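Colleague: Quick one: this structure, given as structure tokens, is what I'll be asking you about.
The values are calculated or read from the model by the stated rules, or taken from the named source; none is laboratory data. On a predicted model such as this, the values are computed, not experimentally measured, just so you know. Ideal geometry is used to build each Cβ from the backbone, glycine not excepted, and the neighbour counts take in all protein chains shown.
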Amino acid sequence: MFLRKSGIGAAVAALMAFAAHPAAALPVEWGLGFQPSASPVMDQIQSFHNLLLWIIVATCLFVLGLLAWIVIRYRAAANPVPSKVHHNTLLEVAWTLIPVIILVFIAVPSFRLLYFQETLPTPDVQIKAIGKQWFWSYEYSGSAAGFTFDSLGLSDADAKAAGKPRLLGVDNAMYLPVNKVIEVETTAADVIHSFAMPQMGVKIDAVPGRLNKTWFRATKTGVFYGQCSELCGSRHAYMPIELHVVTDAEYAAWLAKSKAEFAALENGATRVASK
Ligand SMILES: [Cu+2]
């Protein structure tokens with residue numbers, strides 16, 4: 001998936017990869033725009049982004065046109081005697097009011113999206129992501145679960161051997177069911193981290209001594225990757241997030257297996273030697 005080419009060849013290859021795998025869960029070299037959405041929140045983020053893009057393009061073209069017109073029409077060579085005109089009430093009211101109207105127009109979908117992100121639906125599954133220097137621990141609570149495990153990024157060699165993407169694959173991935181509301185609580189054990197899953201439209205700080213909450217609902221099965229997105233120390237780049245979104249039956253099987261594996265450990269957590 002990571003293409004090792006350069007120039008136009010890479011761009012074409014990336015575009016082809018993008019077209020061939022619309023649900024590709026990885027960033028690609030020369031890729032443009034967001035990773036494909038896999039949650040309702042990310043759907044809305046992308047459509048809001050696209051709306052803003054058109055507004056920005058139109059604004060930039062309009063300002064560029066005005067500048068070009070003024071530079072050419074009112075250049076010194078064509079105007080040996082400079083104009084002394086100042087103040088134009090109509091113009092001044094217009095250039096105040098029009099941006100206000102544009103901002104109000106943007107504010108409506110912006111607040112709607114913010115409200116959608118911040119209003120947690122009733123969760124089907126609750127997990128807690130605990131940021132640590134430099135890995136994540138995941139706590140699965142509830143009667144069917146009740147275990148915690150550590151999830152460490154793989155070394156380059158281990159990632160290659162496991163067929164996982166470099167700097168994104170982990171030893172113990174987290175599993176969650178598809179089309180279920182997942183409530184994610186975040187906190188941290190040492191410094192501030194940030195739990196970010198681009199395809200789920202999730203990015204939320206994990207702060208020591210505090211509990212933050214967000215949610216997502218994965219709309220398709222597959223493997224999704226994220227990374228810590230708050231500069232948290234020298235190995236900040238080596239604490240990825242690997243999420244497997246699976247069917248209910250596969251999730252139940254994983255829960256049973258993980259409960260036996262992780263809850264049996266003395267402290268309820270497993271530590272794999274850091275690579
Ligand atoms: Cu971190």
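Colleague: Could you grab me the full set of residues in segment 24-69 that are of a type in the set (Asp, Glu) and outside any loop (DSSP other than H, G, I, E, B)? Full working, then the answer.
Modeller: So in segment 24-69, the residues of a type in the set (Asp, Glu) come out as 29, 43.
Residue satisfying the conditions is Asp43 alone.
Colleague: Within segment 107-148, work out how many residues are within 16 Å of the ligand (Cβ to nearest atom) and of a type outside the set (A, V, I, L, M, F, W, C). It would help to see each step written out before you state the result.
Modeller: As a first pass, look at segment 107-148 and keep what is within 16 Å of the ligand (Cβ to nearest atom): 128-138.
Checking the rest, the ones that are also of a type outside the set (A, V, I, L, M, F, W, C) come to 128, 131-133, 137-138.
Residues meeting the conditions: 6.
Colleague: Right, something else. Name the residues in segment 240-275 that are farther than 22 Å from Asp124 by Cβ and at pLDDT 95 or above, would you?
Modeller: Pro240
Colleague: Now for a different question. Among the numbered conditions (1) assigned by TED's automatic domain parsing to the domain that holds Asp190; (2) without any contact (Cβ under 8 Å) to a residue 12 or more places away in the chain, tell me where Phe149 comes up short.
Modeller: That leaves (2) as the condition not met.
Colleague: A further question follows. Determine the pairs where a residue that is of a type outside the set (Phe, Trp, Tyr), located within segment 69-97, has a partner that is surrounded by 10 or more Cβ atoms within 10 Å (Cβ to Cβ) and part of a loop (DSSP other than H, G, I, E, B) with Cβ atoms under 8 Å apart, the partner being 6 or more residues away or on another chain.
Modeller: Sorted first by the residue in segment 69-97, then by its partner, the pairs are Ser83/Tyr74.
Colleague: Anything in segment 202-254 that is within 27 Å of Phe116 (Cβ to Cβ), among the hydrophobic types (A, V, I, L, M, F, W, C) and in a loop (DSSP other than H, G, I, E, B)? List them, or say none.
Modeller: Val207, Leu211, Ala218
Colleague: Collect the residues in segment 75-113 that are among the hydrophobic types (A, V, I, L, M, F, W, C) and farther than 30 Å from Leu52 by Cα, keeping them in residue-number order.
Modeller: Ala76, Ala77, Ala78, Val81, Val85
Colleague: Please go through segment 228-245 and pick out each residue that is small (Gly, Ala, Ser) and near the ligand (Cβ under 10 Å from one of its atoms). Show your work before the answer.
Modeller: Restricting attention to segment 228-245, the residues satisfying the condition of being small (Gly, Ala, Ser) are 229, 233-234, 237.
Across segment 228-245, the qualifying residues are Ser229, Gly233, Ala237.
Colleague: Quick check on my filter: what residues within segment 190-201 are more than 10 Å from the ligand (Cβ to nearest atom) and assigned to a loop (DSSP other than H, G, I, E, B)?
Modeller: Across segment 190-201, the qualifying residue is only Gly201.
Conditions tested, residue by residue: (1) closer than 29 Å to Leu103 by Cβ; (2) loosely packed, with under 10 Cβ neighbours inside 10 Å.
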| site | (1), (2) |
| --- | --- |
| Ile55 | yes, no |
| Thr59 | yes, no |
| Gly65 | yes, no |
| Ala68 | yes, no |
| Val71 | yes, yes |
| Pro80 | no, yes |
| Ser83 | no, yes |
| Asn88 | yes, no |
| Leu91 | yes, yes |
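Colleague: Still on this structure, I have one more. Checking Asp156 against (1) within 16 Å of the ligand (Cβ to nearest atom); (2) touching a Leu at 6+ places or on another chain (Cβ under 9 Å); (3) of a type in the set (Asp, Glu), which test does it fail?
Modeller: For Asp156, the exception is condition (1).
Colleague: In segment 133-172, how many residues are under 22 Å from Tyr238 (Cα atoms) and buried (at least 18 other Cβ atoms within 10 Å of the Cβ)? Steps first, answer last, please.
Modeller: Keep residues of segment 133-172 that are under 22 Å from Tyr238 (Cα atoms), which gives 133-139, 148-172.
Keeping just the survivors that are buried (at least 18 other Cβ atoms within 10 Å of the Cβ) gives 134-139, 148-154, 159, 164-165, 168-172.
Qualifying residue count for the region: 21.
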